[in-house]
Amino acid sequence: MSSLSRDDVAKLAGLARIEMSEEELVSLASQFGMILDAVARVQDVDLEGVAPTSHPQPIRNVFREDVVHPSLTPEQALSGAPAQEEQRFRVPQILGEAE
Amino acid sequence: MSEALAKGEVTSTQLTQAHLDRIKDVDPAVKAFLHVDTDGALEQAARVDADRSAGKTLHPLAGIPLALKDVLTQEGVPTTAGSKILQGWKPQYDSTVVSKIKNAGIVIVGKTNMDEFAMGSSTENSAYGPTFNPWDLTRTPGGSSGGSAAAVSAFEAPLAIGSDTGGSIRQPAALTGIVGVRPTYGAVSRYGLIAYSSSLDQAGPFGRTVLDTALLHDVMAGHDPKDATSINGAFPDVVAAARKRDVKGMKIGVIKQLQGEGYQSGVQARFDESLQVLASLGAQIVEVDCPSFEYALAAYYLIAPSECSSNLARFDAMRYGLRVGDSDGASAESVMNATRNAGFGHEVKRRIILGTYALSSGYYDAYYGSAQKIRTLIIQDYAKAFAQADVLVSPTAPTTAFKIGEKSNDPIAMYLGDVATIPVNLAGICGMSLPAGLADEDNLPVGFQIMAPAMQDARLYQVGSALEAALVSQWGGHLISKAPALGGSK
């Protein structure tokens, strides 16, 4: 039986950049053992010498001509922005120190 | 409808208005739509009517209404993918699928409900509430394209578009008694399709008949330079195949692993009867063995969450969509954390966390790496099976439509509903579900699944149209005509 503690889930949530409530962390941790047991069945098969498949199509290196195509105007590009300033996306501060 | 339009017996404006009225009548009970684009639909209909009066040559589907899954972008029309994180977002561009259907003169009446980011099998994971099955409003229409399937089943639109990552077109088609096709991976452009699991996602058509579905499939498919995984080659003529209705001499393989135990008795009974019908039409039925399919579900629930944990990283509250906690001095990281908590629903978080775990160092080989190798074994099983048969068949889903809430607290039970549809996605091939009748025990629709090799989508339509013609003559009409009447008038 696999299991994951509340703290393990909290660490994964941090890596995935999702702040979770205590209740959600506990509930996810309690379901995780069951889910991991179900998916761990992939380890029951002898996979020695089997090549992995990452993609169903045997397509490689699709190139296109290096020509300029029409694209969005700055107004269009910014039309869904949560906040903007001087024709730019305004974002919260990305460095640790205060302003 | 197409003929009546061509003959001038009805205009697209009248047809579109009739469907908008029907939506007004029944959608408060079915809840198939997240957004109805009344003005946009009537404008497009008027344009098609004007072109027809001017004597222009039009596509057979020009002027026909269509319901679009809210996972495909349509310029200027709200697109949410069933998530709060995209509430109010209006895309700046059309997905390639939308450009193609607009160019064919098809009228998009609105955007349909879905499990958030297509993660689910019941449409209960939508942030905007569930969709109800028109056959029985206490049950789910399946998912994740449940809104699209319910819209077609409830006569709110004759055509719809969904997307299928693990069965999200075929399973709701089965549960609502209509036809749904997942085309070969790479046959339909993913440009503008909001990504869940990029190596599995594929958009496809819903219709009430195999021929309607083929006509829409034909509009959607084709090479697109904007999607690097789009196939650049000759596409099969699915419309001609749907008119062929002939299975004489074809070999049809029944997959041993996708029947029997775990399948509802009424589902198995309708499936077995359909096989007899195909045999009576001159097909040869053989049994094929696909031993690795036993591990397909486990592999899928590692690969799809892994890809989604990466794909959904784009919802970072910076350039579009929801932003929460952006007060003075808040860091970008804390805003991301708060936004993704508020914007994602429970199932989406569960899959992101599972994917993050499966990809983390120390676990990668055991989980994601093993799943990718299982994927290879499934492709090999299919290759062997298709050496013995032209198409493979199974029931589409192990059960008929289940009650709302029945499985929502049991993720494993919910995931098991995808057991027969997932192998197609892992191998990148194509599959169809079409109605096989009603299960005796609950009088609900059962789906019959047909699978064909990559780029052999025409075989689905050839076999599907033959089976459909035989069943419809047996029933004295299409299965959908047996659906209970909903509030409004048809």
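The values are calculated or read from the model by the stated rules, or taken from the named source; none is laboratory data. Note that the structure is predicted; figures quoted are calculated from it, not measured. Cβ coordinates were reconstructed from backbone atoms using ideal geometry, including for glycine residues, and neighbour counts include every protein chain displayed.
Is it true that some residue in the stretch B:126-147 is touching a residue at least 12 places away in the same chain (Cβ under 8 Å) and in a helix (DSSP H, G or I)?
Applying the first criterion (touching a residue at least 12 places away in the same chain (Cβ under 8 Å)) to the stretch B:126-147 yields B:126-147.
Among the residues that remain, those that are also in a helix (DSSP H, G or I) are: B:146-147.
For the stretch B:126-147, residues touching a residue at least 12 places away in the same chain (Cβ under 8 Å) and in a helix (DSSP H, G or I): present.
Here is a list: B:Ser306, B:Ser274. Which entry is more than 8 Å from chain A (Cβ to nearest Cβ), in contact with a strand residue (DSSP E or B) (Cβ under 7 Å, 6 or more places away or on another chain), assigned to a helix (DSSP H, G or I) and in contact (Cβ under 8 Å) with a residue 60 or more places away in the chain?
Criteria check complete, one pass: B:Ser274.
Would it be correct to say that B:Ala173 is under 22 Å from the mean Cα position of the chain (by Cα) and either touching a residue at least 40 places away in the same chain (Cβ under 8 Å) or closer than 23 Å to B:Asn103 by Cα (or both)? First the steps, then the outcome.
Working: under 22 Å from the mean Cα position of the chain (by Cα): yes; either touching a residue at least 40 places away in the same chain (Cβ under 8 Å) or closer than 23 Å to B:Asn103 by Cα (or both): yes.
It is true that B:Ala173 is under 22 Å from the mean Cα position of the chain (by Cα) and either touching a residue at least 40 places away in the same chain (Cβ under 8 Å) or closer than 23 Å to B:Asn103 by Cα (or both).
Give, as residue ranges, the helices (runs of 4 or more DSSP H) completely inside the stretch B:316-394 that count at least 2 residues that are within 20 Å of A:Ala83 (Cα to Cα).
Details: elements: B:332-343, B:346-359, B:370-388.
Where helices (runs of 4 or more DSSP H) fall fully within the stretch B:316-394 and carry at least 2 residues being within 20 Å of A:Ala83 (Cα to Cα), they are B:332-343.
Looking at the stretch B:111-123, can you tell me whether even one residue there is basic (Lys, Arg) and either more than 14 Å from chain A (Cβ to nearest Cβ) or over 30 Å from A:Ala81 (Cβ atoms) (or both)? Even if it seems obvious, please write down each step before you answer.
Here is the first cut: in the stretch B:111-123, the residues basic (Lys, Arg) are B:111.
Narrowing further to those that are either more than 14 Å from chain A (Cβ to nearest Cβ) or over 30 Å from A:Ala81 (Cβ atoms) (or both): B:111.
Yes, the stretch B:111-123 contains a residue that is basic (Lys, Arg) and either more than 14 Å from chain A (Cβ to nearest Cβ) or over 30 Å from A:Ala81 (Cβ atoms) (or both).
Out of B:Gly192, B:Gly233, B:Gly262, B:Gly186, I need the residue that is farther than 25 Å from A:Arg64 by Cα and not acidic (Asp, Glu). Which one?
Details: B:Gly192 fails: farther than 25 Å from A:Arg64 by Cα; B:Gly233 fails: farther than 25 Å from A:Arg64 by Cα; B:Gly186 fails: farther than 25 Å from A:Arg64 by Cα.
From the options B:Gly192, B:Gly233, B:Gly262, B:Gly186, the qualifying one is B:Gly262.
Residue-by-condition table, conditions (1) over 18 Å from B:Gly120 (Cβ atoms); (2) within 13 Å of chain A (Cβ to nearest Cβ):
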{"site": "B:Ser153", "(1), (2)": "yes, no"}
{"site": "B:Glu156", "(1), (2)": "yes, no"}
{"site": "B:Arg170", "(1), (2)": "no, no"}
{"site": "B:Tyr185", "(1), (2)": "yes, yes"}
{"site": "B:Ala221", "(1), (2)": "yes, no"}
{"site": "B:Lys226", "(1), (2)": "yes, yes"}
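Take the stretch B:434-453 and flag every residue that is surrounded by fewer than 21 Cβ atoms within 10 Å (Cβ to Cβ) and closer than 20 Å to B:Val288 by Cβ.
The answer is B:Pro453, and nothing else.
Please tell me if B:Thr79 is within 14 Å of chain A (Cβ to nearest Cβ), over 14 Å from B:Gln14 (Cα atoms) and among the polar types (S, T, N, Q). If you could, list the steps in order and put the result at the bottom.
Working: within 14 Å of chain A (Cβ to nearest Cβ): yes; over 14 Å from B:Gln14 (Cα atoms): yes; among the polar types (S, T, N, Q): yes.
The answer is yes for B:Thr79.
Can you list residue pairs whose Cβ atoms sit under 9 Å apart, with the first residue in the stretch B:467-488 being polar (S, T, N, Q) and the second being not in a loop (DSSP other than H, G, I, E, B)? Count only pairs 6 or more apart in sequence or on different chains.
From the stretch B:467-488, the pairs are B:Gln474/B:Val277; B:Gln474/B:Gly437; B:Ser481/B:Trp475.
Is it true that some residue in the stretch B:423-433 is within 14 Å of chain A (Cβ to nearest Cβ) and either surrounded by fewer than 21 Cβ atoms within 10 Å (Cβ to Cβ) or at pLDDT below 95 (or both)?
To start, the set of residues in the stretch B:423-433 that are within 14 Å of chain A (Cβ to nearest Cβ) comprises B:423-431.
Right, trim to either surrounded by fewer than 21 Cβ atoms within 10 Å (Cβ to Cβ) or at pLDDT below 95 (or both) and you get none.
For the stretch B:423-433, residues within 14 Å of chain A (Cβ to nearest Cβ) and either surrounded by fewer than 21 Cβ atoms within 10 Å (Cβ to Cβ) or at pLDDT below 95 (or both): absent.
Please state which of the following conditions B:Leu312 fails to meet, knowing it meets all the rest: (1) surrounded by fewer than 19 Cβ atoms within 10 Å (Cβ to Cβ); (2) at the interface with chain A (Cβ under 9 Å from one of its Cβ atoms).
The number of the failed condition is (1).
May I ask you to list the residues in the stretch B:345-360 that are more than 7 Å from chain A (Cβ to nearest Cβ) and closer than 15 Å to B:Ser310 by Cα?
Residues of the stretch B:345-360 more than 7 Å from chain A (Cβ to nearest Cβ): B:345-348, B:351, B:355, B:358-360.
Result: B:Val348, B:Arg351, B:Gly355, B:Ala358, B:Leu359, B:Ser360.
Sort through B:Tyr185, B:Tyr196, B:Tyr191 and tell me the only one that's within 26 Å of B:Ala389 (Cα to Cα), of a type in the set (Phe, Trp, Tyr) and in a loop (DSSP other than H, G, I, E, B).
Numbers: B:Tyr196 fails: within 26 Å of B:Ala389 (Cα to Cα); B:Tyr191 fails: within 26 Å of B:Ala389 (Cα to Cα).
The unique qualifying residue is B:Tyr185.
Is there any pair with a first residue in the stretch A:33-56 that is surrounded by 14 or more Cβ atoms within 10 Å (Cβ to Cβ) and a second that is assigned to a loop (DSSP other than H, G, I, E, B) and among the aromatic types (Phe, Trp, Tyr) whose Cβ atoms are under 8 Å apart and which are 6 or more apart or on different chains, and what are they?
Listed by first residue and then by second, the contacts come to A:Pro56/B:Tyr185.
How about the stretch B:280-300: which of its residues are more than 14 Å from chain A (Cβ to nearest Cβ) and farther than 17 Å from B:Gln449 by Cβ?
Looking only at the stretch B:280-300, we keep the residues that are more than 14 Å from chain A (Cβ to nearest Cβ), and these are B:280-289.
Result: B:Ser280, B:Leu281, B:Gly282, B:Gln284, B:Asp289.
For residues that are in a loop (DSSP other than H, G, I, E, B) and not aliphatic (A, V, I, L, M), scanning just the stretch B:109-125, find the one that is surrounded by the most Cβ atoms within 10 Å (Cβ to Cβ). Break it down into steps so the answer makes sense when it comes.
The first filter runs over the stretch B:109-125 and keeps only residues in a loop (DSSP other than H, G, I, E, B), leaving B:113-115, B:119-125.
Keeping just the survivors that are not aliphatic (A, V, I, L, M) gives B:113, B:115, B:120-125.
Working: B:Asn113: 31, B:Asp115: 31, B:Gly120: 31, B:Ser121: 28, B:Ser122: 30, B:Thr123: 34, B:Glu124: 21, B:Asn125: 26.
Within the stretch B:109-125, the match that is surrounded by the most Cβ atoms within 10 Å (Cβ to Cβ) is B:Thr123.
Surrounded by fewer than 23 Cβ atoms within 10 Å (Cβ to Cβ), in contact with a Lys or Arg (Cβ under 7 Å, 6 or more places away or on another chain) and within 15 Å of B:Ala157 (Cβ to Cβ) - does that describe any residue in the stretch B:4-23?
no
Quick one: in the stretch B:363-380, which of the residues that are facing chain A (nearest Cβ under 7 Å), touching a helix residue (DSSP H, G or I) at 6+ places or on another chain (Cβ under 6 Å) and under 19 Å from B:Ala454 (Cα atoms) is surrounded by the most Cβ atoms within 10 Å (Cβ to Cβ)?
B:Arg375
Kindly indicate whether B:Arg340 is within 26 Å of A:Ser79 (Cα to Cα) and at pLDDT 95 or above. Don't jump to the end; show me each part of the working.
Numbers: within 26 Å of A:Ser79 (Cα to Cα): yes; at pLDDT 95 or above: yes.
Answer is yes for this residue.
Being closer than 22 Å to B:Ala203 by Cβ and among the polar types (S, T, N, Q) is the filter here, so list the residues in the stretch B:215-266 that pass it.
B:Thr229, B:Ser230, B:Asn232
Consider B:Ala173 against the criteria (1) assigned to a helix (DSSP H, G or I); (2) touching a Lys or Arg at 6+ places or on another chain (Cβ under 7 Å): it satisfies all of them except one. Which criterion is unmet?
Here B:Ala173 clears every test but (2).
What's the total number of residues in the stretch B:344-353 that are buried (at least 24 other Cβ atoms within 10 Å of the Cβ) and under 24 Å from the mean Cα position of the chain (by Cα)? Let's see the steps before the verdict.
Of all residues in the stretch B:344-353, those buried (at least 24 other Cβ atoms within 10 Å of the Cβ) come to B:344, B:348, B:351-353.
Now narrow it down to the ones that are under 24 Å from the mean Cα position of the chain (by Cα): B:344, B:348, B:351-352.
Residues meeting the conditions: 4.
Out of the residues in the stretch B:107-160 meeting the condition of being among the β-branched types (Val, Ile, Thr) and farther than 15 Å from B:Lys69 by Cβ, tell me which one is farthest from the chain's Cα centre (by Cα). Explain how you work it out, then say what you get.
Pass one, the stretch B:107-160, residues among the β-branched types (Val, Ile, Thr): B:107-109, B:112, B:123, B:131, B:138, B:140, B:152.
Filter once more, keeping what is farther than 15 Å from B:Lys69 by Cβ: B:107, B:138, B:140.
On the way: B:Val107: 19, B:Thr138: 21, B:Thr140: 15 Å.
The selected residue is B:Thr138.
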